[in-house]
1. What number of residues within the stretch 89-122 are touching a residue at least 12 places away in the same chain (Cβ under 8 Å) and either outside any helix (DSSP H, G or I) or not assigned by TED's automatic domain parsing to the domain that holds SER162 (or both)?
2. It is to be established whether one or more residues within the stretch 163-177 are part of a helix (DSSP H, G or I), surrounded by fewer than 19 Cβ atoms within 10 Å (Cβ to Cβ), in contact with a Leu (Cβ under 8 Å, 6 or more places away or on another chain) and not small (Gly, Ala, Ser).
3. Considering only strands (runs of 3 or more DSSP E) fully contained in the stretch 1-63, which possess at least 3 residues that are out of contact with any strand residue (DSSP E or B) (no Cβ under 6 Å at 6 or more places or on another chain), surrounded by fewer than 17 Cβ atoms within 10 Å (Cβ to Cβ) and outside the structural domain of ARG125 (by TED's automatic domain parsing)?
4. Quick one: which of ASP234, ASP220, ASP247 is charged (D, E, K, R) and in contact with an Asp or Glu (Cβ under 8 Å, 6 or more places away or on another chain)?
5. Among residues belonging to the stretch 197-211 that are without any contact (Cβ under 8 Å) to a residue 12 or more places away in the chain and exposed (fewer than 13 other Cβ atoms within 10 Å of the Cβ), point out the one that is nearest to the chain's Cα centre (by Cα).
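The values are calculated or read from the model by the stated rules, or taken from the named source; none is laboratory data. What you are looking at is a predicted structure, and each value in this text was computed from that prediction instead of being measured. Neighbour counts run over all protein chains shown; Cβ positions are idealised from the backbone, glycine included.
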Amino acid sequence: MRLEGKTALVTGGARGIGRAICEAYAGEGAKVAVADLLEAEAKETAEAVGGMGLAMDVTDLGSIKSGVAAVEQAWGGIDILVNNAGIFNMASLDRITHEDYRRQYDVNVGGTIFAAQAVVPSMKRRGGGVIVNFASQAGRRGEPNVTIYCSTKAAVISVTQSLALELAGDNIRVNAIAPGVIDTPMWTHVDSQFAEYEHKEIGQKKREVGEAVPLGRMGDPADVAGPCVFLASDEARYVTAQTLNVDGGNWMS
């Protein structure tokens, strides 16, 4: 029960890695608010973990603020924020659109910053807190045809460092996780895009990336949830401004 007595808000919590985190946090004693653009799925996940389901669009400041206010009203405040909401899209340079550029930055970077902005006052009132942001191994190095996504995840790593230094005096720790290839519904979308750009069969890219991982397989959402529990717990009380690779050995730093 490493998170007993804590209240957590998890964005993008309805499925995949987000749902695994919600399950793990609830299992460690936390009250969990599951926030997602997919309202019905968020409420289903919340019901499964005994938490609260919220419709939240992390590109809409009003939506973020109303969701945070609902959690504060119900549970008194927020101790842990997990910025897991994110989107992925591929495009070669000649096919990049300003609309897609804005959308990926608004969700992946803006959502991280403005969710933190909305939650930090509650953490300060409670004497401290923890923020866990989601970067990616794609934020560690570039990939062809993934210019925007890679750059957004590199930005999350930078945001994590800056916020950690800014908030250290308020006893708020800020860290990030950089997952590798994790077997989630998002990877069905990723695989289909690689099939188009690399002229592969559906499922081929997913199989290839799993086989290329030093540990020999794609990750499971539960493989990411464990480290996310650690970073939110007192076991990590002296860890801040770090980005933890959870990728089976794909990236060494």
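1. Number of matching residues: 5.
2. No - not one qualifying residue is present in the stretch 163-177.
3. none
4. When all the criteria are applied, what remains is ASP220.
5. GLU211
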